[in-house]
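Written out below as structure tokens is the structure these notes cover.
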Amino acid sequence: MTGTAILAAEDLLKAQSWRYATKKFDPSRKIPAETWSALEQSLILTPSSYGLQPWKFVVVTDPDLKAKLRPASWNQAQVEDCSHHLVFLAKENISEADLDHFLARTAEVRGQTVESLEGFKGYMMGDLVKGSRSTAIGEWAARQVYIALGSFMTSAALLGVDTCPMEGLQPAKYDEILGLAGTGYRTIVACPAGYRAAEDKYATAPKVRFPASELIDRR
């Protein structure tokens, strides 16, 4: 349905206005399996540069693991009280093998031959593996992860699920607790998800945003 809206504009803005960085979750409320499955699929559908998907997502629901992660999260209670604690990981490096893996999947999904994608591979090799960007590829991957974070938060808001983006954590400690050594991935950011507590006084506080005249430059 190219060019056809699948969501009314007012519904999008209503969800975005309702969304806020939840300070207090209701630990008794859990995200239904069907809803969480849709949110996981929204993560998978997140766009990325070249479509390369230089990330993984760790979904933490085990209470004991949440308790271990809380001290590494500046002791923020949301980590334990949320329904699902989502940890966003970025690839530490991009190799030719990674490109081959991606192109094999592309050929499988689109019914192409890997050979027909050699030109695309050469372009990515020249940029990400051998080019100047290869020297800071970890930072490139981290920026890709933030695209996934934004997409996840928007999707959650549209489904009435609360989130709290969380950079207030110790990435190296997360890596240790989650056993990431040797996996080629590192922790970038986390996002508890669930449902706000009724007594969260910040839930109804007006959003503080600069006016459009200061933020939007129309040319």
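The values are calculated or read from the model by the stated rules, or taken from the named source; none is laboratory data. Since the structure is predicted, the reported quantities are computational estimates derived from the model, not experimental observations. As a convention, Cβ positions derive from the backbone with ideal geometry for all residues, glycine included, and neighbour counts pool all protein chains shown.
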Please work out if SER42 is of a type in the set (Gly, Ala, Ser), surrounded by 16 or more Cβ atoms within 10 Å (Cβ to Cβ), in contact with a Leu (Cβ under 6 Å, 6 or more places away or on another chain) and in contact (Cβ under 8 Å) with a residue 12 or more places away in the chain. no
The residue that is farthest from GLU92 (Cα to Cα), considering only those in region 122-147 that are within 21 Å of the chain's Cα centre (by Cα) and aromatic (Phe, Trp, Tyr), is TYR146
Does VAL145 qualify as being touching a strand residue (DSSP E or B) at 6+ places or on another chain (Cβ under 8 Å) and within 14 Å of HIS85 (Cβ to Cβ)? no
Is there a residue being in a helix (DSSP H, G or I), hydrophobic (A, V, I, L, M, F, W, C), modelled with pLDDT of 95 or more and exposed (fewer than 15 other Cβ atoms within 10 Å of the Cβ) anywhere in region 150-161? no
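For the subset of region 201-217 comprising residues that are of a type in the set (Ser, Thr, Tyr) and at pLDDT below 95, which member is nearest to THR22 (Cα to Cα)?
Across region 201-217, the extreme among qualifying residues is TYR202.
So which of VAL189, VAL145 is in a helix (DSSP H, G or I), touching a Phe, Trp or Tyr at 6+ places or on another chain (Cβ under 6 Å) and at negative phi? Explain how you work it out, then say what you get.
Working: VAL189 fails: in a helix (DSSP H, G or I).
Only one candidate qualifies: VAL145.
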Can you tell me which residue in region 48-83 is nearest to VAL189 (Cα to Cα), limited to those that are buried (at least 20 other Cβ atoms within 10 Å of the Cβ) and within 13 Å of the chain's Cα centre (by Cα)? TRP55
